[in-house]
1. So how do 261-274, 155-168 stack up, highest first, on mean other-Cβ count within 10 Å?
2. Less than 12 Å Cβ to Cβ from N199, Lys/Arg counted +1 and Asp/Glu -1: what total charge do the surrounding residues give?
3. If you plug each phi of the stretch 225-238 into the Karplus form 6.51 cos²θ - 1.76 cosθ + 1.60 with θ = phi - 60°, what whole-Hz ³J(HN,Hα) values come out, in order, with x for Gly and Pro?
4. Report, as a whole number in µm² per second, the diffusion coefficient that Stokes-Einstein gives for the stretch 254-340 at 10 °C and 1.306 mPa s using the Kirkwood radius over alpha carbon pairs.
5. Please give the residues of the stretch 201-237, grouped as numeric ranges, whose backbone N is less than 16 Å from a label point set 7 Å along the Cα-to-Cβ vector of F247.
6. Work from the charge dipole of the stretch 85-267 (Cβ charges, +1 for Lys and Arg, -1 for Asp and Glu, about the Cα centre) and give the residue of V174, L121, F148 farthest towards its positive end.
7. Report the GluC sites (Glu not before Pro) located in the stretch 300-361 that are in a DSSP loop and have at most 10 other Cβ atoms inside 10 Å of their Cβ, or state none.
8. Less than 10 Å Cβ to Cβ from R295, Lys/Arg counted +1 and Asp/Glu -1: what total charge do the surrounding residues give?
Amino acid sequence: MILASQLVFLTCIWITLTPDVFAASEIKKSYQRCSASVKRAWESKQETRMRNNDSTKAWLLKYKQLLHIEDHDFAMRPGFGGSPVPVGIDVQIESLDSISEVNMDFTMTFYLRHYWKDERLSFPSTTNKSMTFDHRLIKKIWVPDIFFVHSKRSFIHDTTVENIMLRVYPDGNVLFSLRITVSAMCFMDFSRFPLDTQNCSLELESYAYTEEDLMLYWKHGNKSLNTDEHISLSQFFVEEFSASSGFAFYSSTGWYNRLFINFVLRRHIFFFVLQTYFPAMLMVMLSWVSFWIDRRAVPARVSLGITTVLTMSTIISGMSASMPQVSYIKAVDVYLWVSSLFVFLSVIEYAAVNYLTTVEEWKQFKKTGKISGMYNIDTFQAMAFDGCYHDSKTEMDQTSFSLHSEEDAMRGRSTGSPSTDTSQIKRRQSLGGHIGTIILENNHVIDTYSRILFPTVYIAFNLFYWGVYV
């Protein structure tokens, strides 16, 4: 081959150097023919060298010729009519993007890899090296038709090109890998929300081929499912990932192999403690303040009760808006509604106290013909203006005390007697004891028992609640 190319080259030089024999135009044509002959000889030499080294590195061999794509019908699975083709699966989970309680679904991004053998794609190779292709070859050969059961949305990433890789080995083994994001349903149970643990799974299955045509299995058993260590969610701990397999039956088509990607999610409780439980607890304790307010301070006790009731309604509405409309009771519903019941009972308690006080006064009026000195007309009129209890006897004592204090001060300045300070202290102590007696006499028995009963029952409820659900 080398000798022939040298002879052609020398002939071209000889023709070029003899212008008197050939015309000028013929010289130009002959030179072009000689150059083309030399180029073809060189390319033939390079092609022969590459074929001798490795057929997978041949520049001029097309992949269709090398893989015999035009010689086979790839519309049929490998080994059609025989035993089912085994297709191994392994998954590399990149991220859990979101978990939605309202839609009851999750979004996951992962690498899905298929392994199978198709002898129609085998090719000769002396070094046993594989060939790698992109997405353009996928439509020309047979690939497994895997789909995701219960999926709502899914797509193959296409930046900067479609994230698909196909690797073919000389013996016909094939690796098919792609990067996918899937949003699928997760059947959640919110009966223990927000102290719950959710079990979700992503299910893979062949769409067209039953178990008689395609056998789907995990390539490396339990090690076929790999995850990145940095996977985390704002509201959940990802406790574990596991792989399992099973069968699915459809009455019209038959049995299919199905693979499961299982993962367990445990919810963070601290967020809900700050946003729901703690405010509800504060509202309940705030409603107990009314038990210590004078029973004749109607505006103060009523406004406090209404405020706590409305605040509890707001907390319940905010929690319901962020949850699916389920027909069963959730754990957070139990706590919020019991807390609302305590707040409501505190309002009912004051209604009972006010009613019984009115009945008691009416009986006293019918018995004596006049209202008790403790609750005279002036007292009622003062209550209507500022909502505070005014006792005429106490006010008289305070007026008398202030007058005596002024007289003692004048007398002390005129006489300089040291006994003035002692008498003032005694009067203050006497007045303080008198006010304490009035408060105790004005306290209703229901308020007295409520100060002890309400906190005791609520503490017992919290101990029972957290003991059951945690």
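The values are calculated or read from the model by the stated rules, or taken from the named source; none is laboratory data. Not measured: the values here are computed from a predicted model. Neighbour counts run over all protein chains shown; Cβ positions are idealised from the backbone, glycine included. Surface areas here come from the heavy atoms of the whole protein model, side chains and all, with no ligands, DNA or RNA. Shrake-Rupley method; radii C 1.70, N 1.55, O 1.52, S 1.80 Å.
1. On the way: 261-274: 15.7, 155-168: 14.1.
Result, highest mean Cβ count within 10 Å first: 261-274, 155-168.
2. On the way: positive: R266; negative: D189, D196, E239, E240.
Computed value for this residue: -3.
3. With coefficients 6.51, -1.76 and 1.60, one gets 10, 10, 9, 7, 5, 8, 5, 8, 10, 6, 10, 9, 9, 8 Hz.
4. Taking Rh from Cα pairs, D becomes 99 µm²/s.
5. Residues 206, 209-217 fall inside that zone.
6. Comparing the listed Cα positions along the dipole, L121 ranks first.
7. Values: sites: E349, E360, E361; in loops: none.
Of the GluC sites (Glu not before Pro), not one in the loops of the stretch 300-361 has a Cβ with at most 10 other Cβ atoms within 10 Å.
8. Working: positive: R296, R301; negative: D294, D447.
Here the charged neighbours net out to 0.
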